[in-house]
Amino acid sequence: MSGRRVAGIAAALVLALGLLVEIAAVPIAERVLGSALGRCLPYERVEIASVARPVTPRLLVGRARDVEVEVTGLEVQGLRLDQARLQLPVALAPYAPLAPEPPEATLEITLRDTDVEDYLATQVPFGLQPTVRFRPGQLRVGVAAVEVTAAVRVEDGVLTLAPGGLPPAWWSRLGLEAEVTLPEDLRVDRVELRSGEATATVRVDVVAGIDGSPGCEGPLAEAA
């Protein structure tokens, strides 16, 4: 066998091995990303929908670029988000050396009214059982025999609930406010209400667990 042929076979084997490693890199990256995210935010399932190639060398240094992650059952301060699609220009593992400041991330979420209902049940005093229903363009919240219908809008960092039929003071009694000023590092661009669910687009400066820091900080973290 000639030396040229041996070299060709060796090169083909190296290329094949590299391709196999690159193919296996995404499942490994899912485990690394899921473990990092899970340090700060409980979730049910995480899957990388897309990521910039090559993954392997970036994974070795704890930096994945142009990552789109789908998370099911993400829990944010006690509230379950049914589906969340997280778009990250760069995701940083805790072991990333000399990690830069992470860029702004975009989060598209789907929230079910039953999950909001369960969350409010833990917040409303006196053991009251609230009801929450999402309808096209409207939010309906009730406790016992009292029910309020409101529209929802976002403007200049303020989430506004526009109730109909009852004064805003009732919202405070239900554990809500007519206007909620959002944290500076969390910006809501869009909220849409449909039957049984709400969708929103949120921009955040820091995603706890995958910002390269050892702690859990940011508007989504439990410690926020």
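Laboratory data are not the source of any read-out in this text; all were calculated from the coordinates shown. Quick caveat: nothing in here was measured; it's all calculated off a predicted structure. No Cβ is skipped: glycine too gets one built from the backbone with ideal geometry, and neighbour counts run over all protein chains shown.
At full extension, Leu60 and Ser195 could sit 44.2 nm farther apart than now, given 0.36 nm per residue minus the alpha carbon distance. Of the peptides 200-210, 85-95, the order by per-residue mean of other Cβ atoms within 10 Å, starting with the highest, comes out as 200-210, 85-95.
The calculated FRET efficiency for Thr160 paired with Glu184, based on their beta-carbon distance and R0 = 25 Å, is about 0.90. Once the Cβ-Cβ distance of Arg85 and Val124 is raised to the sixth power relative to R0 = 30 Å, the FRET efficiency obtained is 0.50.
Projecting label points 7 angstrom from Cα along Cα→Cβ for Arg53 and Ala151 puts them 4.8 nm apart.
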